[in-house]
Structure formats: C-alpha cells, structure tokens
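Everything on this sheet refers to the single structure shown next.
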Amino acid sequence: MLVLRLDLGMLKNQTHLVEDIKCFKKYFETYLKKLRSMKVHMIAYIWKLEYGKNKGYHYHTLFFLDGNQHQKDEILGDAFGKAWVEVTQEKGAYYNCNASKHRYKRLGIGMLHHDNQEGFNALKEIAGYFTKVDQFLFLPSSERGKTFGVSQKLASKRKSGRPRRGT
C-alpha cells in the first residue's frame, strides 16, 4: 500500500478568502471529485478539518493507493498538491509530507508492505492524530458539518490470490 499525507490550506495572503467555511469546504469537495477523476488506483482516504490562528482553515489528509500500481510517493504527493492549487485557482497551498520523510522518526507514509509492522504502527499513530479528542473545531452556528471524514467504498467479495503467510 502506498500512503500519501498532505496538508491543504490557503496561501498566507489568501486566508481571508476562506473565512467563510462554506467556501473552503466547497473547495475540498471539488478537490476530492478531481482526485477521483484522475487515473490513480485509490483505495481510501481520511481527512480532518482544523483551524489555526496562523494557517486559518486547513485539511490534514491521508490517501491510500494500490502499491502495485503506484510507487513514487513524492511525485504523486506533488501531483495531489498541485490539484489542490488548481482547484483553489492558485490561492491554495499544500505541504507534501512524503517529500520530507527525513523529518519523521517513525515512518508511516510511503510504501508500506504487508510485513512492515513498524510502518503500520507508525501509521496507527498518524491516524490517532487525525482522531485526537483534545482539539476541537468550532464551526459558526450557521454552518453544520463534519470536521473528520473517511471515504466510503464497498468491500470486494472476491477472495482470489494466494493467501499470505503469517497473517
């Protein structure tokens, strides 16, 4: 499995444009549609909406892709980031965590093979950050919606192929 992690927001001089949360969420919906139209073998994704004093509204995202079809996570991360910039009409900015893997002590992104227990443990820590309870996002009373989401995909009933050893 190939795991991409990106942070999506707006350029510092453009954060005022998305003080209306509806506008920012609309950008994100359009972005997800754009990704679905790209020729990538995406298995699933997770997102979390946050607000920071300096960054304004921003999304933390994890994308899970078929590692048999894709290998270059840094390049794919940049392609996903450029799609965000395009959707926001050049007002958006992104941070591709896959291009800075050297900054992480434990690596839960990039290519994860089924027997890489350390990598999957690190990925669980990342997922824990996405679901942490100690940070809340207060939306304006006029705006309802989610601050965390996952993709929905029907499970395949097909069980073909050789079973893995030790699982």
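The values are calculated or read from the model by the stated rules, or taken from the named source; none is laboratory data. For clarity, every value in this text was computed on a predicted model and none was experimentally measured. Every residue, glycine among them, receives a Cβ derived from its backbone with ideal geometry; neighbour counts consider all protein chains shown. With ligands, DNA and RNA removed, areas are computed over all heavy atoms of the protein, side chains included. Shrake-Rupley method; radii C 1.70, N 1.55, O 1.52, S 1.80 Å.
The table below lists the values:
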| item | result |
| --- | --- |
| Residue satisfying condition, being farther than 13 Å from Leu6 by Cβ and part of a loop (DSSP other than H, G, I, E, B), within set Asn68, Asn121 | Asn68 |
| Qualifying residue in the range 118-128 (condition: of a type in the set (A, V, I, L, M, F, W, C) and touching a Lys or Arg at 6+ places or on another chain (Cβ under 6 Å)) | yes |
| For Tyr31: the one exception among (1) outside any strand (DSSP E or B); (2) in contact (Cβ under 8 Å) with a residue 60 or more places away in the chain; (3) among the hydroxyl-bearing types (Ser, Thr, Tyr) | (2) |
| Test for Lys105: is it open to solvent by 80 Å² or more (accessible area, probe 1.4 Å), basic (Lys, Arg) and part of a loop (DSSP other than H, G, I, E, B) | yes |
| Glu86 more than 13 Å from Val3 (Cβ to Cβ), touching a residue at least 60 places away in the same chain (Cβ under 8 Å) and either assigned to a helix (DSSP H, G or I) or open to solvent by less than 30 Å² (accessible area, probe 1.4 Å) (or both) | no |
